[in-house]
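Here is the structure we will look at, set down as structure tokens.
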Amino acid sequence: MNIGIVCYPTFGGSGVVATELGKALAKNGHRVHFITYSQPPRLDFFNENVFYHEVFIPSYPLFQHPPYELALSSKMVEVVKNHQLDLLHVHYAIPHASAAYMAKQILRTQGIHIPVITTLHGTDITLVGKDPSFEPVVTFSINASDGVTTVSESLRKDTYDQFPIEREIEVIPNFIDLERFRKQKKDHFKTAIAPNGEKILVHISNFRKVKRIDDILRMFALLREKACVKLLLIGDGPERAGLEKLARELGISSDVRFLGKLDAIEEVLSIADLFVMPSEKESFGLAALEAMACEVPIISSDAGGIPEVNIQGKTGFISAIGDFADMAEKAAIILQDDQLPIFRAHALARAKEFDINRILPRYEFFYEKVLKQSTIAGYQVAE
Ligand code: GMT
């Protein structure tokens, strides 16, 4: 197949999933065309089946806000026509699904039919998408897509609960490359971070409010009273400065390290004993899955789709959102020397269920199904 992939070229979850999916499709023999405003961070290799098309947004003094969506639609039209794409797969509804709809309508006037598949990732539904400034467009463009997927059952339910959606939504969960994400021997690194054999807790995110990293610091302060622990915080974002201040106020700074954005997160995960994800909202929790693949158990909130990944009492523990005291208690249980290996083994076994080699065929099957079903007539407005 000749597939166009549209995503945010960022370190965030949806961009990573879209890029890894495209890479896997290319390895499987499909021709994959990425259409984004800059090179996705994980698209850093040569493969004869991968093509990259940059969306250029011209500036003009009249535009206070450059019309990205129009430039994106125009680029989609160009790429579909010149590279004979079979379908467009857009990740994150805003503004990719509506931009694809526009491209599809333009191509239709030229006798070209291009099916559009939209994958919903999380905040496009649970936070931003619901905003009245976007809701009508998000609803329309989901209904007008030829195929729609969500990354968890929970997100599928949220989509139906919060938007008037008239079409079927397929759940295809996120996936993991177990060749990249596996526990490696990094003893020298472990000794540098935890010279006295302290247990290492890790969190990775984009440091937005929705991640509730302040709960991690409060939980860590409690845990530190009964266990020898270190905390590594990886990533960066709007909350970081406030969190550094909170760590000082809680008197835990000497045991907390803010490492900023890192590419080789599997190396840090290889020395971790526990991964913490106390999010307010989380459609899936890809970072938790990456940790589990490196044999790291999880302490998480019960937000959204996290319980579909982290299994209570097996791969870790789940607490109510905001209950950092419970998280501290549960963390202490996992970190016991006789318990940790058991949790580690369950975490790895669960991660294997999301192996990319299992999930990729589900996307390929879905593509085939949509290609057979979609017609140039497309979305019909109810009379
Ligand atoms: O919140 C993020 O980390 C970024 C965001 C995105 O769309 O880029 O992530 C969402 O998509 C990921 C990949 O499908 C999911 O693993 C995350 O759970 C989801 N984030 C939220 O729902 C808050």
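Annotations
- Within segment 187-352, DSSP assigns beta bridges of which about 0% are antiparallel (rounded to the nearest 5).
- When shorter helices are ignored and each DSSP H run of at least 4 residues is given -39500 (n - 2.57), the per-residue value for the chain at 222 nm works out to -12000 deg cm²/dmol.
- ³J(HN,Hα), Karplus 6.51/-1.76/1.60, whole Hz, each residue of segment 73-86, x for Gly, Pro: 4, 4, 5, 4, 4, 4, 5, 4, 5, 6, 10, 6, 5, 8
- Spatially, segment 32-86 and segment 197-213 are offset by 33 Å when compared through their Cα centroids.
- Taking a sphere under 9 Å around the Cβ of residue 269 and counting the other residues whose Cβ falls inside, with K and R at +1 and D and E at -1, yields a net charge of -3.
- Prolate/oblate/rounded label for segment 240-337 (Cα gyration tensor, a/c 1.5): rounded
- Computed from Cα positions, the angle between helix 213-223 and the longest principal axis of the chain comes to roughly 20 degrees.
- Computed lengthening from residue 267 to residue 108, 0.36 nm per intervening residue step minus Cα-Cα distance: 52.4 nm
- Listed peptides 166-173, 351-358 appear in the order 351-358, 166-173 once ranked by packing, highest mean of other Cβ atoms within 10 Å at the front.
- q = 0.13, 0.14 Å⁻¹: log10 I(q)/I(0) that the Debye formula gives for segment 187-352, counting C-alpha atoms only: -0.53, -0.62
- Most positive-pole-ward Cα, 320, 271, 72, against dipole of the chain from beta carbon charges: 271
- In plain terms, the chain from residue 362 to residue 127 could stretch by 81.9 nm, reckoned as 0.36 nm per residue minus the Cα-Cα distance.
- Computed over the Cα atoms of the chain, the ratio of the radius of gyration to the Kirkwood radius (Rg/Rh) comes to 1.00.
- Inter-site label distance for residue 81 and residue 47 at 7 Å from Cα along Cβ, in nm: 2.9 nm
- The mean sequence distance of close C-alpha pairs (under 8 Å, at least 6 residues apart), as a share of the length of segment 35-103, puts its relative contact order at 28 percent.
- Each Lys and Arg contributes +1 and each Asp and Glu -1, all at the Cβ; summed about the Cα centre of segment 242-367, the dipole is approximately 180 debye.
- For segment 270-282, the Karplus equation 6.51 cos²θ - 1.76 cosθ + 1.60, evaluated at θ = phi - 60°, returns couplings of 5, 9, 7, 10, 7, 10, 10, 9, x, 3, 6, 9, 6 Hz by residue, with Gly and Pro reported as x.
- C-alpha center-to-center spacing [segment 289-340, segment 115-189] in angstrom: 23 Å
- The chain - percent relative contact order, Cα under 8 Å, separation 6 or more: 14 percent
- GNM result for the chain, Cα springs below 10 Å: residue of 234, 57, 125 fluctuating most strongly: 57
- Extension reserve of the residue 250-residue 345 stretch, reckoned as 0.36 nm per residue once the Cα distance is removed: 30.9 nm
- The residue among 206, 347, 285 whose Cα reaches farthest toward the positive pole of the charge dipole of segment 187-352, with charges on the beta-carbon of Lys, Arg, Asp and Glu, is 206.
- Most tightly packed first, judged by the mean number of other beta-carbon atoms within 10 Å of their residues, the peptides 19-28, 59-68 read 19-28, 59-68.
- Taking a Cβ cut-off of under 10 Å around residue 148, the surrounding Lys, Arg, Asp and Glu residues balance to a net charge of -1, with basic ones at +1 and acidic ones at -1.
- Ranked list, fewest to most other Cβ atoms within 10 Å of each Cβ, for 185, 190, 281, 81: 185, 81, 190, 281
- Rounded to the nearest 20 debye, the dipole size of segment 54-151 about its Cα centre is 180 debye, using +1 on the Cβ of Lys and Arg and -1 on the Cβ of Asp and Glu.
- Electrostatic dipole magnitude of the chain [Cβ: Lys, Arg +1; Asp, Glu -1; Cα centre; debye, to 20]: 540 debye
Taken together, the values in this text are just the output of simple stated rules run on the coordinates, not laboratory data. On a predicted model such as this, the values are computed, not experimentally measured, just so you know. Quick reminder, even Gly has a Cβ in these numbers, built from the backbone with ideal geometry, and neighbours come from all protein chains shown.
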